[in-house]
1. State yes or no: is Ala27 in a helix (DSSP H, G or I), aliphatic (A, V, I, L, M) and buried (at least 16 other Cβ atoms within 10 Å of the Cβ)?
2. Within region 57-93, which residues are touching a helix residue (DSSP H, G or I) at 6+ places or on another chain (Cβ under 7 Å), open to solvent by 50 Å² or more (accessible area, probe 1.4 Å) and assigned to a helix (DSSP H, G or I)?
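The values are calculated or read from the model by the stated rules, or taken from the named source; none is laboratory data. This one's a predicted model, so the numbers in the text were calculated from it and none came from an experiment. Please note: Cβ atoms are built from the backbone with ideal geometry, for glycine as well, and neighbour counts cover all protein chains shown. Keep in mind that these areas ignore ligands, DNA and RNA; they rest on the heavy atoms of the full protein, side chains included. Shrake-Rupley method; radii C 1.70, N 1.55, O 1.52, S 1.80 Å.
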Amino acid sequence: MPSSAKSGTARSSTARSSTARAHTARAQTARLDVLSRLLAAVAGGYLAATAVAMALAALWPGPRAEGVMAATLLSFALYAGAVMWAFAARRARSAWYGLLTVAAAGALLARFLP
């Protein structure tokens with residue numbers, strides 16, 4: 001086999017292996033993005049829904065038990081919205097920031113209400 005044929009084969013082999021590595025890296029990045037969004041949906045959504053439910057229970061007019069019940073029922077809808085937000089956000093980082101901001105605001109509001 002001539003020398004030029006060998007070098008052409010070596011070049012195409014190198015190009016294929018770098019393409020395969022790039023594809024593997026993109027696939028791994030995509031998996032980590034989905035994992036981050038899943039954790040944001042489960043953990044961040046739970047924190048946000050719980051914190052907002054505590055604040056709503058404290059703000060609810062009327063008997064305390066009714067406020068807790070109403071806030072708990074509303075927290076299911078809040079949690080579903082948080083899960084949708086985690087997967088609809090443009091970046092996983094945005095999902096985390098949004099959910100943790102809502103959780104912190106709800107917790108602070110619940111903390112300083114009677």
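1. No: the conditions fail for Ala27.
2. Across region 57-93, the qualifying residues are Val68, Thr72, Leu74, Leu78, Tyr79, Trp85, Phe87.
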